[in-house]
1. Against the longest principal axis of the chain, how steep is helix 129-143, in degrees 0 to 90 to the nearest 10, with axes from Cα atoms?
2. How far is helix 114-123 tilted, in degrees, relative to the longest principal axis of the Cα atoms in the chain, given as a value from 0 to 90 rounded to the nearest 10?
3. Run lengths n ≥ 4 of DSSP H only: what is the helix-derived mean residue ellipticity at 222 nm for the chain, with -39500 (n - 2.57) per run over all residues, to the nearest 500?
4. Measure out, as a whole number of angstrom, how far apart the alpha-carbon centroids of the stretch 63-102 and the stretch 136-153 sit.
5. Test of understanding: what is the full-extension gain from Arg163 to Ser113, defined as 0.36 nm times their sequence separation minus their Cα-Cα distance?
6. Could you work out how far helix 14-26 tilts from the main Cα principal axis of the chain, as a 0 to 90 degree angle to the nearest 10?
7. Provide Val173, Val110 in ascending order of the number of other Cβ atoms located within 10 Å of each residue's Cβ, fewest first.
8. From the Cα gyration tensor of the chain, with a ≥ b ≥ c the square roots of its eigenvalues, which class applies: rounded if a/c is under 1.5, or else prolate if a/b is larger than b/c, or else oblate?
Amino acid sequence: MAFRLAGQPGTVNDHFRDALCDVFTGMGLDPLSPSLVGTPDRFLRALAEFTGGYDLDPGEILGRTFPVERSGYPISVTNIPFTSVCEHHLLPFSGLAMISYIPSEGAEVVGLSKLPRLLDIYARRLQTQEQITKQVTTALDKHLDIDGAACILGSEHGCLANRGARKPGAMMVTGSFTGVYENPEVRRDLLAMLGGPSAYR
Ligand SMILES: [Zn+2]
């Protein structure tokens, strides 16, 4: 049996709200109780925030470039905080990212804020960490004139920390390397320059 709650019209879809009420009812809880009556709307608003990346276009974010006097060398942003939602358990995972690219000689570069914004386009979706890592380097390769891209993500997953294996503090670290960063020597230079992979924990 579905419950129809008095909510804020237009903020969430009634069908989704009713479905969440059915979950509570299935658990033997009263979705109309004062403590739960606002929960479906809150949950759906949070979900909308977590998945806002579907509406954003990486080409637009990476579309504005500017010339620099000297290119052809690595440009990296480290310690970028991110939060995503695991598509298997609908639980959040959060951590830090490092993104790097090497513009081709003479090529234009993007503004500093664009790499964290690119990350959020993919993080703010239902995701796997492996997928985000790869999508970031694929987008850099596709939209910029570069010789290579790298992305390393380190994060703690709600589904590993709080359920199942229950290992809070365990970090998942993933990396994607393209172009010249596929060369182990170039990759080693990058990691040495940034202080090593442990910097991303
Ligand atoms: Zn999961």
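1. So the inclination is approximately 50 degrees.
2. Helix 114-123 sits roughly 40 degrees off the main axis of the chain.
3. Result for the chain: -10000 deg cm²/dmol, rounded to the nearest 500.
4. 10
5. 14.5 nm
6. Here the helix axis deviates by roughly 70 degrees.
7. Starting with the residue having the fewest Cβ neighbours, the order is Val173, Val110.
8. prolate
Where a number appears in this text, it was derived from the coordinates with a stated rule and is not lab data. Bear in mind the structure is a predicted one, so any value in this text is a computation, not a measurement. Cβ: placed from backbone, ideal geometry, glycine included. Neighbour counts: every protein chain shown.
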